[in-house]
Amino acid sequence: MHNLRDKRSFFLLISLLMGGFNALFAQSDSIPMPQEPIPNQLLKTRNTLILPLVARSIETDWSLGLAGSFTFRFNRHDTLTRTSNTQALALYSLRKQFIAAINGTTYFPGERIILNYQLSYSDFPDKFWGLGKNAPSSQEEAYAFRQYYVYLHFQRKLRDRVFLGVVYEYQRLLAVDYLPGGLFDQLQVAGRDPYHISGAGLSLTYDSRNNAFAPDKGGFLQVFFNHFSPAFGSNFQYTNYVIDFRRFLRIYQQQVLAIQAYGFFNAGEVPLRSLASFGGSNSMRGFYDGRYRSKNQVVAQAEYRVPLFWRLGAVGFVGVGNVGNHLGDLNFQELKYSYGGGVRVALNRKERLNLRIDYGWGAGQGTSHGLYFQLGEAF
């Protein structure tokens, strides 16, 4: 789990991506804003690509599957509007986890309207340690869930770099298989039985980044809320609030300091799969995604990115954060820390799309560590 045991899979992925992954990319969020126009030339309006896919994380171990990408433009003469994209993938992990998903972003002419969407199905054996910041490693229990998920984010440009959006989210949890009498029953975890949620809300975003995938200057600020209510057909009533701030600074030549502050807050009765999930491949690397679960979460992380030679680069990262059932619990007591480093391989230099190989350590109530083999930067 903690080393590259299958080098053949690694080099297979590299060769496949080098040959044709320039059209297959997934944006970390829905509205990266390029600051320079694409050179004035006729652009290809459609491109379709289907490739085998290999990935790895602490939660899944190695995953194998198939990925497809469709990229397009409404007008080949429009060099300012970014390329719209749709991706589809099906992955099966060595831990018998299955994920099928379709997601993408459509940029309408002039980027006056942007539509971001995601539809997925998951059959996922997972782990649970309890709720809150006190979740000892000795409490680990296995469980599994099956769910459908739908996310839609419609955005309208208000002015340059500023967007107002409408968010809709639907989740249907088909089944949760857990140990009777274990933590789920002892803690009376909401959502341990099948349920569905449905909610809508608003977003406001400011984005001055100069690149979609690996910016070296600019900033990003997005705030939104999403209200789940029986009025929308939801089994649970609660409101989710999110704030995401990022800043990218060019320190020396092409070396970049990337900073992120992220807050995730809930009010009301929040079911299992909508709780703040601490850790993962993009936040607090080194912690299992869901190692700590609670209503609220705050995380601050920084990454220093250094180009080396050819297509290679290196990064070092640190993070600190906490979870809590109440806002007052988000304090300096029992803070969690993460740190690590990694290598970047440029798959598409023009788009700055990188293959990411990271190794992270998490320290808090016990320690954890693991390897990440992903596409695109963490944030």
Q. Under the Karplus relation 6.51 cos²θ - 1.76 cosθ + 1.60, θ = phi - 60°, what is the ordered set of whole-Hz ³J(HN,Hα) values for the stretch 57-67, x standing for Gly and Pro?
A. 8, 4, 6, 10, 6, 6, 10, 10, x, 9, 10
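Could you give the size of the charge dipole of the chain about its Cα centre, using +1 on the Cβ of each K and R and -1 on the Cβ of each D and E, expressed in debye and rounded to the nearest 20?
On the way: 39 positive and 27 negative charges, 261 e Å.
Charge dipole, the chain, about its Cα centre: 1260 debye, nearest 20.
Over the stretch 195-293, what is the mean sequence separation of C-alpha contacts under 8 Å (at least six apart), divided by residue count, expressed as relative contact order in percent?
Working: 208 pairs, mean separation 19.7, N = 99.
The value is 20 percent.
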Q | Listed residues Val189, Gly199, Gln171: farthest to the positive end of the dipole of the stretch 150-217 (Cβ charges) | A | Gly199
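Placing +1 at every Lys and Arg Cβ and -1 at every Asp and Glu Cβ, with all other atoms neutral, what dipole size does the stretch 144-279 have around its Cα centre, in debye to the nearest 20?
Working: 13 positive and 9 negative charges, 133 e Å.
For the stretch 144-279, the charge dipole is close to 640 debye.
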Q: Once every Cα of the chain carries one equal point scatterer and solvent is ignored, give the base-10 log of I(q)/I(0) from the Debye formula at q = 0.13 Å⁻¹, two decimals.
A: -1.19
Q: Report, largest value first, the span of the C-alpha coordinates of the stretch 279-379 along each principal axis, in whole Å.
A: 47, 24, 19
Q.
With every atom except the alpha carbons ignored, what do you get for Rg and Dmax of the stretch 141-238, in angstroms?
A. 18.4, 55
**Q.** Carbon/sulfur fraction of accessible area - the chain, other protein chains in place, 1.4 Å, %
**A.** 59
Q: Mind pulling the angle between the C-alpha long axis of helix 7-20 and the longest principal axis of the chain? Nearest 10 degrees, somewhere in 0 to 90.
A: 40
Q) In terms of Cα to Cα distance under 19 Å, which aspartates and glutamates are near enough to Lys127, apart from those fewer than 8 places away along the same chain? A) Glu59, Asp61, Glu140, Glu141, Asp177, Asp185, Asp193, Asp289
Q) Suppose every K and R has +1 on its Cβ and every D and E has -1 on its Cβ; what is the size of the dipole of the stretch 42-181 about the Cα centre, in Debye to the nearest 20? A) 800
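Over the stretch 261-319, average the accessible area per residue using a 1.4 Å probe and give it in Å², no decimals. Please list the in-between numbers first.
On the way: 1940 Å² over 59 residues.
Per-residue value: 33 Å².
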Q.
I need the phi-derived Karplus couplings for the stretch 237-251: 6.51 cos²θ - 1.76 cosθ + 1.60, θ = phi - 60°, integer Hz, Gly and Pro marked x.
A. 10, 6, 10, 10, 10, 9, 10, 9, 10, 9, 9, 10, 10, 7, 8
(Q) What's the longest uninterrupted piece of the chain once you rule out the GluC sites (Glu not before Pro) that are loop residues per DSSP with at most 15 other Cβ within 10 Å? (A) 1-139
**Q.** Charge dipole (the chain, unit charges on Cβ, about Cα centre) - positive-most of Gly319, Phe145, Pro125
**A.** Gly319
Q. Whole-Hz Karplus ³J(HN,Hα) for the stretch 268-283, in order, using 6.51 cos²θ - 1.76 cosθ + 1.60 and θ = phi - 60°, x for Gly and Pro?
A. x, 8, 9, x, 3, 7, 10, 5, 4, 10, 7, x, x, 7, 10, 9
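The values are calculated or read from the model by the stated rules, or taken from the named source; none is laboratory data. Nothing here was measured: the structure is a model prediction, and the numbers come from that model. All Cβ positions, even for glycine, are placed from backbone atoms using ideal geometry, and neighbour counts span all protein chains on display. These area figures cover heavy atoms from the full protein model, side chains too; ligands, DNA and RNA do not enter into them. Shrake-Rupley method; radii C 1.70, N 1.55, O 1.52, S 1.80 Å.
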